[in-house]
1. Give the span of the chain's Cα atoms along each principal axis, as three whole-Å numbers ordered largest to smallest.
2. Would you pull out the residues with amide H under 5 Å of G77's amide H, same chain only if 5 or more places away, H placed 1.01 Å from N?
3. Want the number for Q108 to H237: 0.36 nm per residue separation, take away the alpha-carbon distance, what's left?
4. Taking the Cα centre of the chain as origin, sum charge times position over the Cβ atoms of Lys and Arg (+1) and Asp and Glu (-1), and report the length of that vector in debye to the nearest 20.
5. For the range 253-317, what are Rg and Dmax over the alpha carbons, in angstrom?
6. Put a dot 7 Å past each Cα toward the Cβ at E386 and L92; how far apart are the dots in nm?
7. In the range 273-391, if every C-alpha pair distance is counted and binned at 5 Å from zero, what percent goes to each bin?
8. Measuring from label point to label point, each 7 Å out along Cα→Cβ, what is the T119 to K282 span in nm?
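Just so it is clear, none of the values below were taken in a lab; they were calculated from the coordinates. These figures come from a predicted structure and were not determined experimentally. Every residue, glycine as well, gets a Cβ built from its backbone with ideal geometry; the counts of neighbours run over all protein chains shown.
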Amino acid sequence: MPDDVRADALPVQQDTLPLAGLRVLDLTLARAGPTCVRHLADWGADIIRVEPPGANDGLGGARDGFDFTNLHRNKRGISLDLKNPEGHAAFLRLADTADIVVENMRMQVKHRLKVDYETLSARNPRLIYASISGFGQTGPYSTRGGVDQIAQGMGGLMTITGEPGRGPMRVGIPINDLTAGNLLAMGVMMALYEREKTGRGRYVSTSLLEAEVFMLDFQATRFLQKGEVAGQAGNDHPVNSPMGVFPSTDKPINIAASSPKLWEVFCRAAGREDWLEKPEWKTVEGRTRDRPALNAAIAEVTRQKPSEYWIAKLEEAGIPCGPINNIKEVFEDPQVRHLDMVWQIPHAKLGQAGVVRTPINVSGHSPGIRMGVPALGEHSEEILAEAGFTAAEIAALREKKAIGG
């Protein structure tokens, strides 16, 4: 990362954070599950990442790559072979005193490994067990593996993304992985709150498909209530106009001026009060029906001045607008800098590596980086000793290849 966009996280004591004292066993892979665990890790939970000997997630090119470091900061690591009887028994002992287990294996895999909710909660009724799957824990697709783009297609998102006539288009981020992880973290918080009253844990789950259908939001209710099947609208808002991308002399900008009041203000700011008299443009519905002509007329005006001119002028008039930034420009933006959206973590090869900070702000708390990504099995002996294993028991586990690291 360029030096001029670095932002160092303040040193933070784990025991001062809201989730301090919670112990989480992290069985997650890929991205959706780790996204959930990352919330818990950043806010102070003691995360124990459980990996098989010889594991390498491979995200971002390597264990110390950009993706792995962003997903797995603030964790300790144990290397444990769950297929080995002794390794499995050791995991059960860890689960007996854990608060939360998070996993995103296929439904049949966790049962085959005997690390499922039924097995663990029978031993530890206070345990909160959190799962993400591709399509749900039950039903005709429950045994299928799923990845983000598959859910984007099955959940309708690819048919409403992109320009009309260009065919299906994926979103540029793994939106279902991220949304499912965020939702699961919220579900864990609800289960923790209930446990305070009941003393018992819960099984919390979501899936990539459920997350995608949920995220369809108003596009879904357009169909559910009016039978409208949304299509692709490109950079235009599906039902409001004008709201979209318009040219300037240097770079495109976003403008949102669809409400009656904003439309009037926009016409005056653009020096085109005559647009207010056009019968077909007097309502949102009319402007949307005549959107090609409307957008072309606005573009003829906006392309005469640079983006900064329009952003300043429209902001002064109270019209939502903004530049369209590439990723480099995002981290150079003064508001993003003010929000301190970058943390630096210790990195085995680079010394430091930039990652994206938690977007959650809680008054009185300043979360940060307590530790980088653990090496495979880096804390195996430490974690087992905390769970009551003797030095002899740990040595026996290592001899039987039940643990690595």
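1. 86, 50, 41
2. Amide H neighbours of G77, under 5 Å, 5+ apart: R49, E378, H379.
3. Working: separation 129, 0.36 × 129 = 46.44 nm, distance 4.15 nm.
Gain in length upon complete extension: 42.3 nm.
4. Working: 46 positive and 50 negative charges, 166 e Å.
I would put it at about 800 debye.
5. 11.3, 31
6. If labels sit at L92 and E386, their model points lie 2.3 nm apart.
7. 2, 7, 10, 11, 12, 10, 8, 8, 7, 6, 5, 4, 3, 3, 2, 1, 0
8. Using points 7 Å along Cα→Cβ, the separation is 7.0 nm.
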